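Here the structure is laid out as structure tokens; the discussion comes afterwards.
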Amino acid sequence: MGPTGSPRIYLFETDESSEVTADTRRLFLSQSLSNGGARTVAGWRDRVVALIPEEVGAKESKIIRTLPGGAIDATHTYNVLDAYSKYSEWVHELAAEFGGTDEKLVAGIETPEIAPFPAIAAHIAQAWLLREAADAELQQARHSLKFGLAAFSRLGNLPDADPGASVAELARSLHTDRPNLARAIKAAEGDRSIRGAMAGIDRFGALMRLNGPHGFAAR
């Protein structure tokens with residue numbers, strides 16, 4: 001589908017299913033990079049890693065990367081934390097190609113071409129990719145954590161909440177102290193964007209209680 005949801009038809013002149021899959025991925029990646037469909041992208045020249053949210057689900061994503069020799073790889077994730085984790089993992093793997101670990105030497109992995117730049121460019125590329133991966137993953141982790149902590153606090157205030165599922169017990173499970181976790185929960189509850197999301201969930205819950213499990217008034 002195109003960016004507006006209109007269907008498109010492409011003809012592949014091959015009977016090799018693997019080639020059709022690879023060409024479809026390349027086409028999808030190219031369009032996502034050109035039309036802004038990719039949420040975040042990192043890479044070096046023709047080596048690219050991209051996180052592309054899917055239209056079919058707000059939390060589902062495709063993670064696509066190009067490989068040496070023109071190959072292309074893709075995977076599907078079902079929540080945003082998995083998406084950013086896989087994206088970061090693949091960007092880290094690309095960054096490692098600019099390094100000099102024993103694993104790289106044993107596997108016979110070659111450093112991506114950096115000419116006409118001097119050797120320091122490999123160091124720059126590795127550091128840049130590591131920063132891009134860390135920034136993307138940290139930003140999403142912080143947002144997801146705030147949302148989760150605010151939701152946890154609300155669930156804990158429900159009449160039927162399990163008394164064993166306390167902030168203190170959660171802190172022990174996370175190997176942190178209760179005051180530190182309590183401060184994080186308070187900050188999450190005070191975040192304007194999180195409050196808006198929680199209000200939306202409350203409105204949806206009220207609609208479900210009013211109209212039944214399918215969200216429609218009984219007729």
(request) Past 21 Å, Cα to Cα, is the threshold; run Lys86/Lys186; Lys62/Lys146; Lys59/Lys146; Lys146/Lys186 against it and keep the listed order. (result) Lys86/Lys186; Lys62/Lys146
(message) What FRET efficiency comes out for Leu170 versus Asp102 if R0 is 35 angstrom and r is the Cβ-Cβ distance? Round to the nearest 0.05.
(response) 0.30
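What length, rounded to one decimal in nm, is gained on full extension from Arg178 through to Ala22, with 0.36 nm per residue of separation minus their alpha-carbon distance? Walk me through the intermediate numbers first.
Numbers: separation 156, 0.36 × 156 = 56.16 nm, distance 4.98 nm.
Using 0.36 nm per residue and subtracting the Cα-Cα distance, I get 51.2 nm.
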(request) Convert 4 °C to kelvin, take the viscosity as 1.567 mPa s, use the Kirkwood radius over C-alpha pairs of region 15-96 as Rh, and evaluate the Stokes-Einstein diffusion coefficient in µm²/s, rounded to a whole number. (result) 101 µm²/s
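Quote the relative contact order of region 40-106 in percent (integer), defining contacts as alpha-carbon pairs under 8 Å separated by 6+ residues. Please report the intermediate quantities before stating the final value.
On the way: 93 pairs, mean separation 16.1, N = 67.
The value is 24 percent.
If you average over every viewing direction, what projected area does the convex hull of the Cα atoms of region 17-167 give, in nm²?
On the way: hull surface 52.3 nm².
One quarter of the hull surface, i.e. the mean projection, equals 13.1 nm².
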(request) Tell me the label-point distance for the pair Arg154, Ala187, using the 7 Å Cα-to-Cβ offset, in nm and rounded to one decimal. (result) 2.1 nm
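When each pair of different Cα atoms in region 27-73 is counted once in the 1/r mean, what is the Kirkwood radius in angstroms, to one decimal? List each step's numbers first, then the result.
On the way: mean 1/r = 0.0911 Å⁻¹.
It is 11.0 Å.
Every number here is computed from the coordinates shown, using simple stated rules; none is lab data. Keep in mind that what you see is a predicted model, and the values were worked out from it rather than measured. Cβ: placed from backbone, ideal geometry, glycine included. Neighbour counts: every protein chain shown.
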